[in-house]
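Have a look at the structure below, then the notes.
The values are calculated or read from the model by the stated rules, or taken from the named source; none is laboratory data. Nothing here was measured: the structure is a model prediction, and the numbers come from that model. Here the Cβ positions follow ideal geometry from the backbone for every residue, glycine too, while neighbour counts run over all protein chains shown. For the accessible areas, the whole protein counts, side chains as well, though only heavy atoms, and no ligand, DNA or RNA atoms are used. Shrake-Rupley method; radii C 1.70, N 1.55, O 1.52, S 1.80 Å.
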Amino acid sequence: MSSISPESTVLVLDLDDTIYPEHCYKISGIRSVCRTIASLYPQYNSDTLFNSLDTSGLWLDRLCSECGLNDSEKQTLLWHYRLHTPDLASCMPSEQLKNLMARFSATALISDGRSLTQRLKLAALGLLERFDLVLISEATGADKPDGKRFLQIEATWPGKQYLYIADNTAKDFITPNRLGWKTLRITGMPDAIYTADESRFPPEYRAQGSLGRIEDLAALLS
């Protein structure tokens, strides 16, 4: 990929497994659910509950079974998980990333998910105010690879170059590629959910380049 001129480029980022490891959010949410149960049912200890779970599997089913909670109570706990204030202290983005973002003409976020959940993550990461535009699928009514949000960014900042950085080859890059954007895939995120080999996908689905971590973008800037 040729060098990128940040002064004439809109930087557009995905969130989960791009800016931070999504696994950190999952662990934070499970711990929050365990603490809530332990605070309301004194016979349980939050650490004991957490340590009994396979966090890579059906942890909520196991937790509800262990605590004798029914399906309705399970749904309440699921919403608690989705709306908890995440503890992402161990996964905070570096000051280097914040400085990188500030060099671009504008910054936007395109992320699939629930609006409040994704905004809670951004707030916990100290990034909610760093984006000029935040476009989350629940609020916009469009999931990737739908082009609605990409076109909105072009309409908001016409005549610019556009760079999209994300992680999921199955849906993230085909639309910005078609629109002539530059695209980069994050490949070095710990415990990433989407780790499929890009060669399994047709060329139009693949990012034009890759970064081990988002801070590596600095080496591509002119």
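Annotation for the stretch 153-172: no member residue is touching a Gly at 6+ places or on another chain (Cβ under 7 Å) and either among the basic types (Lys, Arg) or under 21 Å from Glu22 (Cβ atoms) (or both). In the stretch 134-177, the residue that is farthest from Arg206 (Cα to Cα) out of those that are in contact with a Phe, Trp or Tyr (Cβ under 9 Å, 6 or more places away or on another chain) and open to solvent by 20 Å² or more (accessible area, probe 1.4 Å) is Glu154. Residue count for the stretch 111-165 under the criterion of being more than 13 Å from the chain's Cα centre (by Cα) and among the β-branched types (Val, Ile, Thr): the result is 3.
Among all positions in the stretch 43-64, there is at least one residue which is within 19 Å of the chain's Cα centre (by Cα), touching a residue at least 12 places away in the same chain (Cβ under 8 Å), open to solvent by less than 60 Å² (accessible area, probe 1.4 Å) and at negative phi.
Considering the stretch 65-87, the residues that are part of a loop (DSSP other than H, G, I, E, B) and under 27 Å from the mean Cα position of the chain (by Cα) include one that is nearest to Tyr41 (Cα to Cα), namely His84.
Just a yes or no: is a residue in the stretch 95-103 modelled with pLDDT of 95 or more, part of a loop (DSSP other than H, G, I, E, B) and not β-branched (Val, Ile, Thr)? Checked against the condition, which is being modelled with pLDDT of 95 or more, part of a loop (DSSP other than H, G, I, E, B) and not β-branched (Val, Ile, Thr), the stretch 95-103 yields at least one hit. Look at Leu116 and say whether it is touching a residue at least 12 places away in the same chain (Cβ under 8 Å) and either in contact with a Phe, Trp or Tyr (Cβ under 7 Å, 6 or more places away or on another chain) or open to solvent by less than 40 Å² (accessible area, probe 1.4 Å) (or both). When the stated conditions are applied, Leu116 does not pass them. Residues that are in contact (Cβ under 8 Å) with a residue 40 or more places away in the chain and touching a Ser or Thr at 6+ places or on another chain (Cβ under 7 Å): does the stretch 181-188 have at least one? So far as the stretch 181-188 goes, yes, one or more of its residues are in contact (Cβ under 8 Å) with a residue 40 or more places away in the chain and touching a Ser or Thr at 6+ places or on another chain (Cβ under 7 Å).
One line per residue, one yes/no per condition, for (1) of a type in the set (Lys, Arg); (2) at pLDDT 95 or above; (3) in contact with a Cys (Cβ under 6 Å, 6 or more places away or on another chain):
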| position | (1), (2), (3) |
| --- | --- |
| Ser3 | no, no, no |
| Ser8 | no, yes, no |
| Pro21 | no, no, yes |
| Ile27 | no, yes, no |
| Val33 | no, yes, no |
| Leu40 | no, yes, no |
| Asp47 | no, yes, no |
| Asn51 | no, yes, no |
| Thr55 | no, no, no |
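Residues that are touching an Asp or Glu at 6+ places or on another chain (Cβ under 9 Å), in contact (Cβ under 8 Å) with a residue 12 or more places away in the chain, β-branched (Val, Ile, Thr) and open to solvent by less than 80 Å² (accessible area, probe 1.4 Å) occur in the stretch 88-109; there is at least one.
Would you confirm whether or not the stretch 65-81 contains a residue that is surrounded by 16 or more Cβ atoms within 10 Å (Cβ to Cβ) and polar (S, T, N, Q)? Scanning the stretch 65-81 turns up no residue that is surrounded by 16 or more Cβ atoms within 10 Å (Cβ to Cβ) and polar (S, T, N, Q). Being closer than 16 Å to Met1 by Cβ, exposed (fewer than 14 other Cβ atoms within 10 Å of the Cβ), modelled with pLDDT under 95 and not hydroxyl-bearing (Ser, Thr, Tyr) holds for only one residue in Gly212, Gly180, Gly188, and it is Gly212.
For Gly29, all conditions in the list (1) in contact (Cβ under 8 Å) with a residue 12 or more places away in the chain; (2) part of a loop (DSSP other than H, G, I, E, B) hold save one; what is the number of the exception? With (1) in contact (Cβ under 8 Å) with a residue 12 or more places away in the chain; (2) part of a loop (DSSP other than H, G, I, E, B) applied to Gly29, the lone miss is (2).
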